[in-house]
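First up is the structure itself, then whatever we jot down about it.
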Amino acid sequence: MSSAWHEKLLTDARAGTGASSVLLGPAPDVSPTDFTVLRTTGLQSERDLPFAALHRLLLPVVSADDLRRMLRGTPFQLRCSVHEVLTGLSAQRPVLVRVDDAQWLDQESLDVLGFAARRVAGHHIAILITGRPQWTGEQPSGLVCLSAELGDTVDAAQHAWHAGRPDWARTLLSRADVGRAALLLGEIELRDGDPAVAVHELTTAAGHLDDPGPALLLAGEARRLCGDVPGYRAMARAVPSRPELMAAHFRGLTATFEGRHADAAEPLRLVVRLGMAAPDVAPAVWAAEAAFALGLGEKAFECASAAVSRARLTGREAALPWALVQLSLAAIVLDRHEIALEASAEGLAASGAQRTTRTEHLSLLALSAALRDDRETALSHLDNAAAGIAKRGLGRPCAIASWAYACLDLADDRPAEALARLDAMTAGVSGAQPAIQALATPQLVEAAILAGQYDRAHRALEVFDGWVRTGGNSAWLALSHRCHGLLTDDVTHFETAIALHRKAGAAMELARTQLLYANRLRLRRRMLDARGQFRSALRVFQSIGARRWIARAEAGLRAAGETAGAPNVSLAGLTPQQTAISRLVAVGETNKEIARRLVISHRTVDHHLRNIFTTLGVRSRVELARRVTSLEQDRA
């Protein structure tokens, strides 16, 4: 509450017109020297004691005997008596009644104070009640009801929303005029309801507000959430040139979506600068989005962290889960999964009344788990997110879920399935999600190459490079070089990627790159160098328990002439490559799957199998599998 607001409250009391207000938030510093100040504070220990707060309020100005007589009267007589005490005092000098921590008031005292607050007109009386409302069952607290009755209905609805009760916020807003009411209702629909309804409410609000920026920015987010990029671009063409942050945000993202990264750079940098300079939560979130679009991962992480900090410091409970979505996504793409897990865990806990935001956090937790090869956890989060995605048409969480499933497919050595999921990312519920598509490019390129679709990989990488090179972020440049290493014979791309991964501190992606590089080195017969890369990758995979990637690194080590964590099975006369193939046959893999896993051709597998059969004296795959299994059991 601003000092101007304080002064108006006191000025009205001095003028004899009376003023009452309920402030749902921290108590302001209001201590006028020309007023008789009556003050009480709600105490949790006396919340169930009728009239306890009223007793403490009146004791300084009413004798104990008179107070007892007042309390013995009927409810109506008591209310009238308190009003008479206040008006009598105000005849001598203005009176300020201060009630703090009103959430702990006993209901009887609150009822009496509400009666008096509704009857201060024509008197030199100001009544200021402050506190954070509590909720009982399906009913709002008397504090919220009194706030809506005495003051601003939208303010009361705002606090109901921040207190985690969107149902009561909607009820209160149904009594309010459009404008601010539509802005808040649109925000509630965006976080807890239908994005399409949110677009309608927010564009309506923009037409009634002096500053349409916040409403239009949220409407744009709602369109992007459900994948309506054409609708977003149409909005961008129609938005006014002020406020500057809003106009620059629309221009920058539209240019990014159209691949015009040079045109996007200037407005997006302006958004980052203005957003970080502003004190509120939302501008920092817009700044984080702009930094993402610029390819500045570290800056996006910084902006998202600032948004989370501002939400906590200002008590903006409803904005916190939204800010944590940005922080979690930034941490994931920077390979900082512990931070992402903590952010989304907090986001889930704080978004109980924000079902859309909750679904976003579930999809991010699934993606983080999938990238770390934690299949069970990823599938659990994906199952929990599925209903919300389908019911509300949430395109962004749907695209993130597809990305997570593709990561699981790649870990299971199913590149064709992974590629199909990533290619279908923009179909159905997802709509157009260019930001998520760009971030998932490394997985798409790897899947396309393994599936033999090199043109598809080239096209995706060309788009990715146009975005990544704009920002020069080490983590994303490393992924670009890894992709180029997969598509060309130039192994220096892998070496550059490894150096950039180390600079960015991206452990899991470093290990993935080392594994791919090791396979390339093995194909070039550089076995010693290959084993070093396999070992480095294996250590990281083992540290996080990535079982499928551990198996691949161990298989690569064996193929390069070293045993890693497997039984020392004697298959006398076989080369390391032939031994690895024999073990893969024993676990039921086809020649095509073996070729893909060991990064060799299908014909090479056929050739090795013929030599294996001759060397071991077996005549079929079944007999070979039986021989390997028997040796492993004997070793165990």
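The values are calculated or read from the model by the stated rules, or taken from the named source; none is laboratory data. Everything numeric here is computed off the predicted structure, so don't read it as measured data. Methodologically, a virtual Cβ is constructed for each residue, glycine included, from the backbone with ideal geometry; neighbour enumeration extends over all protein chains shown. Accessible surface is based on the protein model in full, side chains and every heavy atom, while ligands, DNA and RNA are left aside. Shrake-Rupley method; radii C 1.70, N 1.55, O 1.52, S 1.80 Å.
Residues in the range 478-497 that are over 24 Å from the mean Cα position of the chain (by Cα) and open to solvent by 10 Å² or more (accessible area, probe 1.4 Å): how many? Of the residues in the range 478-497, 12 are over 24 Å from the mean Cα position of the chain (by Cα) and open to solvent by 10 Å² or more (accessible area, probe 1.4 Å). Looking at the range 343-350, can you tell me whether even one residue there is more than 18 Å from Val325 (Cα to Cα) and either among the β-branched types (Val, Ile, Thr) or at pLDDT below 95 (or both)? Checked against the condition, which is being more than 18 Å from Val325 (Cα to Cα) and either among the β-branched types (Val, Ile, Thr) or at pLDDT below 95 (or both), the range 343-350 yields no hits at all. Among the residues of the range 597-620, those identified as closer than 23 Å to Ala416 by Cβ and either exposed (fewer than 15 other Cβ atoms within 10 Å of the Cβ) or in contact with a helix residue (DSSP H, G or I) (Cβ under 6 Å, 6 or more places away or on another chain) (or both) are Leu598, Val599, Ser601, His602, Arg603, Val605, Asp606. With the condition kept exactly as written, say whether any residue in the range 167-177 is in contact with an Asp or Glu (Cβ under 6 Å, 6 or more places away or on another chain), part of a helix (DSSP H, G or I) and touching a residue at least 12 places away in the same chain (Cβ under 8 Å). The answer is no, given that none of the residues of the range 167-177 is in contact with an Asp or Glu (Cβ under 6 Å, 6 or more places away or on another chain), part of a helix (DSSP H, G or I) and touching a residue at least 12 places away in the same chain (Cβ under 8 Å).
Looking across the range 27-74 at every residue that is more than 28 Å from Arg14 (Cα to Cα) and in contact with a Phe, Trp or Tyr (Cβ under 8 Å, 6 or more places away or on another chain), the one that is most open to solvent (accessible area, probe 1.4 Å) is identified as Gln44. Please work out if Ser305 is within 18 Å of the chain's Cα centre (by Cα), without any contact (Cβ under 8 Å) to a residue 60 or more places away in the chain and surrounded by fewer than 17 Cβ atoms within 10 Å (Cβ to Cβ). No, not satisfied.
I'm trying to understand the selection: among the residues of the range 450-469, which are in a helix (DSSP H, G or I) and either surrounded by fewer than 19 Cβ atoms within 10 Å (Cβ to Cβ) or at positive phi (or both)?
Tyr454, Asp455, Arg456, His458, Arg459, Glu462, Val463, Asp465, Gly466, Arg469
With respect to the stated conditions, Glu298 is within 27 Å of Thr513 (Cα to Cα) and open to solvent by 10 Å² or more (accessible area, probe 1.4 Å). For the range 75-110, filtered to residues that are open to solvent by 20 Å² or more (accessible area, probe 1.4 Å), part of a helix (DSSP H, G or I) and polar (S, T, N, Q), the residue that is nearest to Leu128 (Cα to Cα) is Gln103. Summed over the range 337-359, the residues that are in contact (Cβ under 8 Å) with a residue 40 or more places away in the chain and either in a helix (DSSP H, G or I) or open to solvent by 50 Å² or more (accessible area, probe 1.4 Å) (or both) give a count of 5. Each residue in the range 31-65 was checked for being within 20 Å of Val95 (Cα to Cα) and not in a loop (DSSP other than H, G, I, E, B), and 12 of them qualify.
Looking across Glu623, Glu593, Glu554, one residue alone is at pLDDT 80 or above, of a type in the set (D, E, K, R), open to solvent by less than 70 Å² (accessible area, probe 1.4 Å) and farther than 27 Å from Leu528 by Cα. It is Glu623.
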